[in-house]
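Below: one structure, written as structure tokens.
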Amino acid sequence: MYDVAVVGGGLAGLVNAILLRRRNFSVILFEEKSYPFHRVCGEYISNEVIPFLKLHDIFPQELSPTNISKFRLTSTSGKLLEMDLDLGGFGISRYSFDHWLAQKAREVGVEIHEKERINSIDYTNDFHTLKTASGTYTSKLTIGSFGKKTRLDNELDRKFTRKKSPYIGVKYHIKTSAVDPDVIELHNFLGGYCGVSKIENDTYNLCYLSHRDNLKQFGEIATMEKSILYKNPYLKRIFNKSEFLFEKPVVINEISFAKKEPVFEHILMSGDSAGMITPLCGNGMAMAIHSSKILSDLGCRFLASQIDRSEMEKKYAEAWNANFSARHWAGRKIQGLFGSVASSEFAVGLGRTFRPFAKFLMSKTHGKPF
């Protein structure tokens, strides 16, 4: 019997595991892949997380994250809006950061099982039973941090899985001189948008979200990019003036922004498992880290018998909604302003002529330092 089982070894899972293990609870973590590996992700983190990460000695300074202080947004035709980022952020790859956090977790005694997929989770007699192809494990507290949408979500029959999502995500790492190092850029195209920002080692992350109809129309990613993304002159320039470092892009299907439950079958969900912010808002990584702080604090109180399970679950759901539900709502509404010719032209034009509107939208996508 473990005190804590963490299902999924991304940012939320690893931060939860580290914090709970440092409180002397036994922690096992399952990751179906092997570190290091790439994830489809914007790889930009709002500076709201820095005080928390430094307090707990998990800010990856040694990985040389990139400081980002400016924002550029273009419409599908290339109309440009430029702004300073009031809070700012930093760029770092998930390939490096997740691997670094996994090493930190091992150092404090987290038992990490790589290449081991959880096939089922059952709750009986006030504990969870987790089954993999090779074994069965039990835990007092189970944390779900298994990402955007997985087989386990389907196995649990979570409500959001019953509706198909029309979006795909595509990611590259590139070397480029077409983007300034202190800027995060967001470029619209018909049916989607593409973010570009610098990470570590003079490398840039290029990640875009597209309606799957674009891919269905052109049959392959490269053709779709040249036919759709290149219509934005900024994207065409970036693609043509960059060295692409992957043999092929990292791709994920059916990215869902539907509302999810922070607690499901007594599993406390953290990060994207609790709810995925639209990439347009660019703060999913910060929210994953913040959700880990909230969850681990309450998990400690539960495991120390200071609160019971029902109170822990109630307080976590309330705290998650208080901190993140408005940002998710804003993200879904803001996404509606982009992805088409008319709406993106209108939104960028309005932002250029009415700066308070642009500042208002930006404020709705960022949290406060914690």
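The values are calculated or read from the model by the stated rules, or taken from the named source; none is laboratory data. These figures come from a predicted structure and were not determined experimentally. Every residue, glycine among them, receives a Cβ derived from its backbone with ideal geometry; neighbour counts consider all protein chains shown.
What are the pairs, 6+ residues apart or on separate chains, where a residue within region 74-85 that is farther than 19 Å from PRO356 by Cβ has its Cβ under 8 Å from a residue that is modelled with pLDDT of 90 or more and acidic (Asp, Glu)?
Short answer, once both residue conditions are applied: THR74/GLU185.
Inside region 113-134, can you point out the residues that are on the phi > 0 side of the Ramachandran plot and either β-branched (Val, Ile, Thr) or more than 26 Å from the chain's Cα centre (by Cα) (or both)?
Once the filter is applied, which keeps residues that are on the phi > 0 side of the Ramachandran plot and either β-branched (Val, Ile, Thr) or more than 26 Å from the chain's Cα centre (by Cα) (or both), region 113-134 yields ASN125, ASP126.
Could you grab the pairs with beta carbons closer than 6 Å, sequence gap of 6+ or different chains, first residue in region 28-43 and farther than 19 Å from ASN201 by Cα, second one acidic (Asp, Glu)?
ILE28/GLU111; PHE30/GLU116; GLU31/GLU114; SER34/GLU114
So which of GLU311, GLU243 ends up being modelled with pLDDT of 95 or more, part of a strand (DSSP E or B) and more than 18 Å from the chain's Cα centre (by Cα)? Talk me through it step by step, then tell me what you get.
Values: GLU311 fails: part of a strand (DSSP E or B).
From the options GLU311, GLU243, the qualifying one is GLU243.
For region 263-294, what are the residues that are part of a loop (DSSP other than H, G, I, E, B), hydroxyl-bearing (Ser, Thr, Tyr) and either surrounded by fewer than 24 Cβ atoms within 10 Å (Cβ to Cβ) or modelled with pLDDT under 95 (or both)?
THR278
With the requirement that a residue be part of a strand (DSSP E or B) and of a type in the set (Asp, Glu), what does region 81-108 give you?
GLU82, ASP84, ASP86
If you go through region 63-73 one residue at a time, do you hit one that is among the β-branched types (Val, Ile, Thr), farther than 25 Å from LEU152 by Cα and in a loop (DSSP other than H, G, I, E, B)?
No, region 63-73 contains no residue that is among the β-branched types (Val, Ile, Thr), farther than 25 Å from LEU152 by Cα and in a loop (DSSP other than H, G, I, E, B).
Pairs under 7 Å by beta carbon, first residue closer than 13 Å to VAL179 by Cα in region 235-251, partner small (Gly, Ala, Ser) and surrounded by fewer than 16 Cβ atoms within 10 Å (Cβ to Cβ), six or more apart or different chains?
So the pair list comes out as LYS241/SER177.
Going by what's in this entry, would PRO65 be described as in contact (Cβ under 8 Å) with a residue 40 or more places away in the chain and either in contact with a strand residue (DSSP E or B) (Cβ under 9 Å, 6 or more places away or on another chain) or within 16 Å of PHE97 (Cβ to Cβ) (or both)?
Considered against the rule, which asks whether it is in contact (Cβ under 8 Å) with a residue 40 or more places away in the chain and either in contact with a strand residue (DSSP E or B) (Cβ under 9 Å, 6 or more places away or on another chain) or within 16 Å of PHE97 (Cβ to Cβ) (or both), PRO65 comes out as yes.
Please work out which residue is nearest to PHE324 (Cα to Cα), limiting yourself to region 246-261 and to residues that are modelled with pLDDT of 95 or more and surrounded by 16 or more Cβ atoms within 10 Å (Cβ to Cβ).
My answer is VAL250.
Among the residues of region 330-349, is there at least one that is within 18 Å of the chain's Cα centre (by Cα), without any contact (Cβ under 8 Å) to a residue 60 or more places away in the chain and crowded, with 16+ Cβ neighbours inside 10 Å? Spell out the reasoning first.
We begin by selecting, within region 330-349, every residue within 18 Å of the chain's Cα centre (by Cα); these are 330-332, 334-335.
So of that shortlist, the ones also without any contact (Cβ under 8 Å) to a residue 60 or more places away in the chain come out as 330, 334.
Restricting the remaining residues to those that are crowded, with 16+ Cβ neighbours inside 10 Å gives 330, 334.
Looking for residues that are within 18 Å of the chain's Cα centre (by Cα), without any contact (Cβ under 8 Å) to a residue 60 or more places away in the chain and crowded, with 16+ Cβ neighbours inside 10 Å, one finds at least one in region 330-349, hence yes.
What number of residues within region 46-68 are modelled with pLDDT of 95 or more and within 23 Å of ASN188 (Cβ to Cβ)?
1
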